[in-house]
Amino acid sequence: MALAALAVFSTAVAQGRPRERRVEPAAVQVRYAEGTVGFLELRTAAGALLAHGDLLQPKLGIWLRVFAMLVGKAPPDSDVWIVTDDVPAFVRFEGPPYSGPVWRLNLTSPSWPP
């Protein structure tokens, strides 16, 4: 068996086409759960605004979810706060922008409650 595999590999290398397997990244669908995080009051120079928090949950397939949980690489949920007065505006994000640490992205102008 090992000799057969070696013969196939040496033939492929001799022909200039070694066998390799590449893993390509894939886009993951995200479920948008509106208003599930709660409300947050923030203060700006124009006055107080009310931002509502939304939850972004990655939707993985059943096999990918089971595999990610076994390996310990299941992506966590992300929180997004948006002001919806006259024009919707992004205010804050908490979550991993990629498969790494959790980041907190805030705007600099509003002051947040303690």
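The values are calculated or read from the model by the stated rules, or taken from the named source; none is laboratory data. All values reported here derive from a predicted model rather than from experimental measurement. Note that each Cβ is placed from the backbone with ideal geometry, even for glycine, and that neighbours are counted across all protein chains shown.
Return the residues of the range 1-47 that are among the aliphatic types (A, V, I, L, M), loosely packed, with under 10 Cβ neighbours inside 10 Å and modelled with pLDDT of 60 or more; say none if nothing qualifies. Lay out the reasoning, then the answer.
So the first thing to find is which residues in the range 1-47 are among the aliphatic types (A, V, I, L, M), and the list is 1-8, 12-14, 23, 26-28, 30, 33, 37, 40, 42, 45-46.
Narrowing the set further to residues that are loosely packed, with under 10 Cβ neighbours inside 10 Å leaves 1-5, 14, 23, 26-27, 45-46.
Matches in the range 1-47: V23, A26, A27, A45, A46.
Would the range 77-87 turn up any residue that is in contact with a strand residue (DSSP E or B) (Cβ under 6 Å, 6 or more places away or on another chain), surrounded by fewer than 15 Cβ atoms within 10 Å (Cβ to Cβ), more than 16 Å from V37 (Cβ to Cβ) and modelled with pLDDT under 90?
Within the range 77-87, none of the residues are in contact with a strand residue (DSSP E or B) (Cβ under 6 Å, 6 or more places away or on another chain), surrounded by fewer than 15 Cβ atoms within 10 Å (Cβ to Cβ), more than 16 Å from V37 (Cβ to Cβ) and modelled with pLDDT under 90.
Residues in the range 64-76 that are surrounded by 12 or more Cβ atoms within 10 Å (Cβ to Cβ) and either aliphatic (A, V, I, L, M) or within 13 Å of L40 (Cβ to Cβ) (or both): how many?
Here the count works out to 4.
Please count how many residues of the range 45-93 are within 16 Å of the chain's Cα centre (by Cα), β-branched (V, I, T) and closer than 15 Å to V28 by Cβ.
0
Kindly list, by first and then second residue, each pair from a residue in the range 85-100 that is more than 23 Å from G47 (Cβ to Cβ) and touching a residue at least 12 places away in the same chain (Cβ under 8 Å) to a residue that is among the charged types (D, E, K, R) and assigned to a loop (DSSP other than H, G, I, E, B), limited to pairs with Cβ atoms under 9 Å and residues at least 6 apart or on different chains.
So the pair list comes out as G95/D77; S99/K73.
Quick check on the range 95-109: of everything there that is within 8 Å of the chain's Cα centre (by Cα) and loosely packed, with under 12 Cβ neighbours inside 10 Å, which residue is modelled with the highest pLDDT? Spell out how you get there, then give the answer.
We begin by selecting, within the range 95-109, every residue within 8 Å of the chain's Cα centre (by Cα); these are 95-99.
With loosely packed, with under 12 Cβ neighbours inside 10 Å added as a condition, the list becomes 97-99.
Details: P97: 81, Y98: 78, S99: 72.
Ranking the qualifying residues of the range 95-109, first place goes to P97.
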